[in-house]
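Working notes for the structure below.
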Amino acid sequence: MLKDIKVIDLTQGIAGPYCTKLLADLGAEVIKIEKPYRGDITRRLGVSAQDMPEVTTGGSLFFYLNTNKKSITLNLKTGSGQKLFKQLVSGADVIIESFRPQTMSSFGLSYDALSAIKPSVVMTSVSSFGQSGLYRDYEATEIILYALSGLMNITGEPDREPLKLGTYMAQYVAGQNAFAATLAAFYRKLTTDKGQYIDVSIMECCSRLLEFQLSQYVFQNYIPHRIGYANEKGHPHGMFPCKDGWVALHVRTKAGWPAVIKLTGIKELDKPEYASDQGRIKHRDEITAYLLPWLAEFKGDDLVKVWEEAGLSASKVHTVKDLLGSPQLQARNFFIDIEHPNGSKVKSPSGPFKVNNAIPWRNGRAPLLGEHNKAVFGKLGYSEEDLTRLKGQGVI
Amino acid sequence: MAGESALEGIRVLELGGRWATPHCSALLGEMGADVIKVEEPGGDSSRGAGRPSRWEAPFLAAAIKNLPPYNRAGSFLMINRNKLSTGIDFRKPEGRELFLRLVKVSDVVVENMRPGRLDKMGLDYETLKATNPKLIMCSMGGYGKTGPDRFRRAVGITIEPYSFASVTGYPGEGPMRSGVDHVDPLSGVYAAGAILSALIFRHRTGESVYIDLSFAECAICTVGQYVVDYTLNQRLPARSGNKSPLTAPHGCYRCKGDDSWLAIAVRNDREWQQLCQVIGDETLAKDEKFCDAASRWQNREELDRRIEEWSQKMDGYDAMKLLQEVGVPAGAVLSIDKLVGNPHLKAREFFTEIPYPTLPTTYHRTFGPRFKLSETPLKLYRPAPCYGEHNKEVWVDRVGLGEAELERFIQNKVIFNDPFVERKDLF
């Protein structure tokens, strides 16, 4: 879908690379610029003891985040490296970077400098807190961002610490927002031939998710707190244990509660004070106590089946293994096979949507470090000898 | 609006409601698209004017008394900025015909109607494409338009189990749900990205595009690294609370005050030494149990206790500032009120004010732009719409009906400005 978009990718870590992964997987040409010899920091994260350095494309996180990209090495701290970069910019539509703010300026590669070379270039910067403001130079990792965004405070149990999610949610959210922002600017450029600069802050992308909470605060002066497995919108509306694991249960509509009573046959649930969502929230623990023994009789798949047959909503908590075995995801061909350099086949999620009843996502692998030096720099006119020399001189 | 927005001239029709789809079209609206909520009798169910036996009443903007409840439902107001609203009855043939005329002058249809409903009404993609051969249509649903689960309904809580639920929570305990329903806005932003990709594709090829987006698949994309790890290394991830598999200290530490916490994540020896200096405990810095990354991780439980001895005497913001001044990653855990008052977000103009619908001098706080574009910034053009507030703007100004014609359709209960008209037998 996005072929003909040429992206220079200076991102590393998770948020920036996720944005450029979406671009690359949908067909854009993404040239990932990495530090010579070391490369993106995630190359070294989670690498299995069995991985062989010379054929590895890094740990699973790097492999997942960097599919379909080309890798070149470049030392932007050197004047020659910066010159080489500028040569690449002339052939690019989009530049995406995720350095600490002011780093690109320190290389002489600010948006002002680069748009002077190519006025139609779209440049997106992804940073923890944005290119301005009090926290601009603050250090952050996933948990710091999740905490400051307001998301963490209401996740977890009331009598315990705030809890983060078990994945890099803050950074994925920022990556998908940077993707949308970049495409909007690129679309605009198609008609005006003018580029622009985009400032994406991970914290702001995450705080933006608090629409429900902000409206409770603004319109009702209400400040929500952590409530564990429960939910302020109703009950049951959360995770519950069953015979072989856990399920999420939801009553869905007002007609749902009578359906629960009918389905479970638990007479104690038929109390007038349990009839409304607010009433059930108030008597949450009692209701859960009545439900648990009934739920314990069912395996997750069976429970979901009977619960939904009664017009309610439920899902089994899936492990990765469950996901790979899911009939729905298999029918959708959601997981694709990607060739790993060590010869094995890796399964990876393709992407969250289909286009014209087909899969629009490419199935290439992540690159080896500097794998495309010859091809990319060769196109600029550099011979193999040039590249050998530049490598020796610490430029690439 | 001319010349200043990324999606100038693009018209988006939104069908369905609640959160994911409206969140998507609201973002497109901030990018400058002309967004029209096409609302059935009852309207977007988050207005609270749907069948009373079906949905609980939403909480309302308490301070505003001179708007009917369905025009001041709290989360509706927050989510649906920058949109027009028209009320229409698809069950009537004239309603369907009118809708097709609107599709003809639009670019994008984004919908999360009940699975199968649009097909049943003869408003499937093929029909819409016949009317508008360059149409971009994005259907959003729990599981997608194909597969055995294609008719299953979904809400955020039943999608999380397909994604991060299994890896969130404490070791040896059950999965924890997220406090904010991530799935809806996550899917909404993916949908916006999909539609933008389609606009770019259409610009190049002139072709129509049908996008079939699944909330479950959106959510799974945020745990993709675990799928890869399982097939590559046969490793299944475990729940680990707030802990890191490699580094310590890493987690939330209690601070002074009610439910006040500070997140700290030390990545290397330099940050460790700086943390010790801020804490001002020399024995901590010299303790062999914490001398390097491996030792700190080994003794992380005791380490956490030692750090909390310090943090519980500190104000969260103060402690964060002290640590950040020496380059140690630290972040106060903010509640919504602290977020709204946060000085960094204030400097970034992350929050702003917007009037209530039809009350141009009465303002409430809302979100400003979520990212900053230098030439075509995200803009708030108008507040959330009242139900059917823009029937004239939509049908006369945009579709070309005569004013008398529109009036007849309203008399004949095909178009509405009241969500309670023709509301019965909706579902």
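The values are calculated or read from the model by the stated rules, or taken from the named source; none is laboratory data. The model shown is predicted, which means the values in this text are computed figures rather than measured ones. Cβ atoms come from the backbone with ideal geometry, glycine included; neighbour counts cover every protein chain shown. What goes into the accessible areas is simple: the full protein's heavy atoms, side chains included, and nothing from ligands, DNA or RNA. Shrake-Rupley method; radii C 1.70, N 1.55, O 1.52, S 1.80 Å.
How far, in degrees from 0 to 90, does helix A:79-90 lean away from the longest principal axis of the Cα atoms of chain A, to the nearest 10?
70
Give the Rg/Rh ratio for the protein assembly as shown, taking Rg as the radius of gyration of the Cα atoms and Rh as the Kirkwood radius, to two decimals.
0.96
Ratio of Rg to Rh for the range B:223-291, alpha carbon only, Kirkwood? If you can, show how the numbers build up before the last one.
On the way: Rg = 16.4 Å, Rh = 14.7 Å.
Rg/Rh for the range B:223-291 comes to 1.12.
Could you state the number of Å between the C-alpha centres of the range B:239-315 and the range A:86-123?
Between the Cα centre of the range A:86-123 and that of the range B:239-315, the gap is 38 Å.
Could you work out, residue by residue across A:340-352, how many beta carbons of other chains sit within 10 Å of that residue's beta carbon, and then give the average as an integer? Could the numbers behind the result be given before it?
Details: counts 3, 0, 1, 0, 2, 2, 7, 6, 7, 12, 4, 7, 18.
Counting other chains' Cβ atoms within 10 Å and averaging over A:340-352 gives 5.
In percent, how large is the relative contact order of the range A:186-291, given Cα pairs closer than 8 Å and 6 or more residues apart? Could the numbers behind the result be given before it?
Values: 70 pairs, mean separation 17.9, N = 106.
Contact order relative to length: 17 percent.
Averaged over its residues, how many other protein chain Cβ atoms are within 10 Å of peptide B:381-392's Cβ atoms? Provide the component values of the computation, followed by the final result.
Working: counts 0, 0, 0, 0, 0, 0, 0, 0, 0, 0, 0, 0.
Per residue, the average neighbour count from other chains is 0.
Find out how many positive minus negative residues lie around A:Lys345, taking Lys and Arg as positive, Asp and Glu as negative, among other residues whose Cβ is under 12 Å from that of A:Lys345. Could the numbers behind the result be given before it?
Numbers: positive: A:Lys347, A:Arg365; negative: A:Asp337, A:Glu339.
Counting the neighbours of A:Lys345, the net charge comes to 0.
Considering the alpha-carbon set of the range B:112-266 alone, what are its Rg and its Dmax in angstrom?
When restricted to Cα atoms, the range B:112-266 yields Rg and Dmax of 20.5, 64 Å.
Past the 25 angstrom mark, what percentage of all C-alpha to C-alpha distances in the range B:271-427 do you count? Could the numbers behind the result be given before it?
Values: 7587 of 12246 pairs.
When every Cα pair of the range B:271-427 is considered, 62 percent fall beyond 25 Å.
Give the carbon-plus-sulfur fraction of the accessible surface of chain A in %, rounded to a whole number; probe 1.4 Å, heavy atoms of protein chains only.
On the way: 7510 of 14610 Å².
On chain A, the fraction of accessible area on carbon and sulfur atoms equals 51 percent.
Could you work out Rg/(2.2 N^0.38 Å) for chain A, with Rg from alpha carbons only? All intermediate terms of the calculation are to be shown ahead of the outcome.
On the way: Rg = 25.2 Å, N = 396, 2.2 N^0.38 = 21.4 Å.
Normalised by 2.2 N^0.38 Å, the Cα Rg of chain A equals 1.18.
Would you kindly derive the ³J(HN,Hα) couplings of the range A:187-203 from the backbone phi angles with the Karplus curve 6.51 cos²θ - 1.76 cosθ + 1.60 (θ = phi - 60°), listing them in order in whole Hz, with x for Gly and Pro?
Whole-Hz 3J(HN,Hα) from phi for the range A:187-203: 4, 4, 5, 4, 9, 10, 6, 10, x, 6, 10, 10, 10, 10, 10, 4, 4.
Across 10 Å bins from the origin, how do the percents of Cα pairs in the range A:89-235 run, short distances first?
Result returned by the calculation: 11, 32, 29, 17, 9, 2.
Per residue, how large is the accessible surface of chain B? Use a 1.4 angstrom probe and give square angstrom. Don't skip to the answer; put the middle values down first.
Values: 15660 Å² over 427 residues.
About 37 Å² of surface per residue is accessible.
Taking Rh as the Kirkwood radius computed over C-alpha pairs, what is the Stokes-Einstein D of the range B:113-201 at 10 °C in a medium of viscosity 1.306 mPa s, expressed in µm² per second?
Values: Rh = 15.5 Å.
So the translational diffusion coefficient is about 103 µm²/s.
Please give the Cα centre distance for the range B:120-162 versus the range B:166-205, rounded to the nearest Å.
Taking the Cα centre of each part, the range B:120-162 and the range B:166-205 sit 16 Å apart.
With the Cα gyration tensor of the range B:186-325 in hand, give its eigenvalues times 5 under a square root as the equivalent ellipsoid semi-axes, listed largest first in whole angstrom.
44, 20, 14
Can you list the residues of the range A:57-82 whose accessible area drops by at least 40 Å² going from the chain on its own to the full set of protein chains, with a 1.4 Å probe?
A:Ser60, A:Tyr64
For chain A, report the accessible area per residue in Å² (1.4 Å probe, heavy atoms, rounded to an integer). Spell out each step's value before the answer.
Values: 14610 Å² over 396 residues.
Per residue, chain A has an accessible area of 37 Å².
Springs between alpha-carbon pairs under 10 angstrom, Gaussian network model over chain B: which of B:Ala130, B:Ala63, B:Ala191 fluctuates most?
B:Ala63
Taking all protein chains as present, what is the carbon and sulfur share of the accessible area of chain B, in % to the nearest whole number, probe 1.4 Å?
Numbers: 7670 of 15660 Å².
So the carbon and sulfur contribution to the accessible surface is 49 percent.
Computed on protein heavy atoms with a 1.4 Å probe, what is the summed buried accessible area for the chain pair B and A, in Å² to the nearest 100? Can you show the working numbers first?
Values: alone 22100 and 21100 Å², together 30270 Å².
Buried area between the two chains comes out at roughly 12900 Å².
Per residue of A:168-176, what is the mean number of Cβ atoms on other protein chains within 10 angstrom of that residue's Cβ?
Counting other chains' Cβ atoms within 10 Å and averaging over A:168-176 gives 5.
So what is the diffusion coefficient of chain B in µm² per second by Stokes-Einstein at 37 °C and 0.692 mPa s, using a Kirkwood Rh over Cα pairs? It would help to have the intermediate numbers written out before the result.
Working: Rh = 24.5 Å.
Rounded, D is 134 µm²/s.
Suppose we take every Cα in the range A:182-325 and form the convex hull; what volume per residue is that in Å³?
Working: hull volume 28.7 nm³, N = 144.
Cα convex hull per residue, to the nearest whole number: 200 Å³.
How high is the relative contact order of chain A, in percent, counting Cα pairs under 8 Å that sit 6 or more residues apart? Can you show the working numbers first?
Values: 667 pairs, mean separation 78.3, N = 396.
So the answer I get is 20 percent.
Could you give the nm distance between label points at B:Lys286 and B:Asp315, where each point is 7 Å from its Cα heading toward the beta carbon?
It works out to 3.3 nm between the two label points.
At a 10 angstrom cut-off on C-beta neighbours, averaged per residue, how do the peptides B:132-143, B:278-289, A:99-110 rank from highest to lowest? Show your work: numbers first, answer last.
On the way: B:132-143: 22.5, B:278-289: 13.5, A:99-110: 16.7.
Ranked by mean Cβ neighbours within 10 Å, highest first: B:132-143, A:99-110, B:278-289.
Treat each spin label as a single point 7 Å out from the Cα along the C-beta direction, and report the A:Asp244 to B:Lys392 distance in nm.
6.3
Share of Cα-Cα pairs in the range A:63-138 beyond 21 Å, in percent?
33
Placing one identical point scatterer on every Cα of the range B:1-119 and ignoring solvent, what is log10 I(q)/I(0) from the Debye formula at q = 0.09, 0.12, 0.13, 0.14 Å⁻¹?
-0.26, -0.46, -0.54, -0.62
Picking from B:Thr86, B:Thr205, B:Thr352, which is most flexible by a Gaussian network model of chain B using Cα springs under 10 Å?
B:Thr205
Would you mind checking the range A:215-244 for residues with the amide N under 16 Å from a putative spin-label position 7 Å along Cα→C-beta of A:Ala310?
A:235-243
Classify the range A:1-157 as rounded, prolate or oblate, taking a ≥ b ≥ c as the square roots of the eigenvalues of its Cα gyration tensor: rounded when a/c is under 1.5, otherwise prolate if a/b is larger than b/c and oblate if not.
Details: a/c = 1.60, a/b = 1.16, b/c = 1.38.
Oblate, because a/c is 1.5 or more while a/b does not exceed b/c.
Grab the alpha carbons of the range A:263-396, take their convex hull, and tell me the volume per residue in Å³. Mind dumping the intermediate values first?
On the way: hull volume 33.6 nm³, N = 134.
Enclosed volume per residue, from the Cα hull, is 251 Å³.
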